[in-house]
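Some notes on the structure that comes next.
The values are calculated or read from the model by the stated rules, or taken from the named source; none is laboratory data. Quantities reported herein were computed from a predicted structural model and do not represent experimental measurements. FYI the Cβ positions are ideal-geometry reconstructions off the backbone, even for glycines, and counts take in every protein chain you see. In case anyone asks, the SASA skips ligands and DNA or RNA and just uses the protein heavy atoms, side chains included. Shrake-Rupley method; radii C 1.70, N 1.55, O 1.52, S 1.80 Å.
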Amino acid sequence: IGGEELRRLGHRLRDFRGIEHRPPAPGFLATLRPYQQDGLDWLQFLREYGLAGILADDMGLGKTVQTLAHLQLEKASGRADRPSLVVATTSLMANWRNEAAQFTPDLKVLTLHGKDRAERFGEIPAADLVLTTYPLLVRDRETLLAQDWHLLVMDEAQFIKNPKAQSHQVARLLKSRHR
């Protein structure tokens, strides 16, 4: 962030009056619980202020659905003019696919997993949401680093906490507007 951008952010934060309520976009097929709505509002705040952040709560309270609500709102607003990338553990791939199909059927989801995934690399620019895993982040680094992303989501981010790990190094190099 440059000096002028930092000054603008400082002015905006000085005048900050609280996180605004942002209702889910049309096409989002779930009713958010109040704490999930707070999560969506938080993610929208981070995006609006150009900040990276963490959405954390107890397991099973709907971080995936909150993130999908955020992605749907970004698409509906016209801000998501490029794909978003979710990197997760292999065990969570089916959950992401299933919840995206259930709650955000308007999003074009591309899962990059399995031995034939390279055949689908050409589909990345047309996708709204691309799903991949931490091990594949390293193996597919050239393709993933060549793409500009709207949003980067690291689910179960403890897998990249070691700065010497290759997955950590690749994740830092990914070009995204928001993290």
Taking the range 17-51 and keeping residues open to solvent by less than 70 Å² (accessible area, probe 1.4 Å), closer than 23 Å to ARG177 by Cβ and part of a loop (DSSP other than H, G, I, E, B) leaves ARG22, PRO24, ALA25, GLY27, PHE28, GLY50, LEU51
Collect the residues in the range 80-112 that are open to solvent by less than 80 Å² (accessible area, probe 1.4 Å) and not hydrophobic (A, V, I, L, M, F, W, C), keeping them in residue-number order.
-> ARG82, PRO83, SER84, THR89, THR90, ASN95, GLU99, THR104, PRO105, THR111
Per the filter on the range 113-142, residues open to solvent by less than 50 Å² (accessible area, probe 1.4 Å), over 14 Å from the mean Cα position of the chain (by Cα) and on the phi < 0 side of the Ramachandran plot are ARG117, PHE121, ILE124, TYR134, LEU136, LEU137, VAL138, ASP140
Within the range 29-43, is even one residue in contact (Cβ under 8 Å) with a residue 40 or more places away in the chain and aliphatic (A, V, I, L, M)?
-> yes
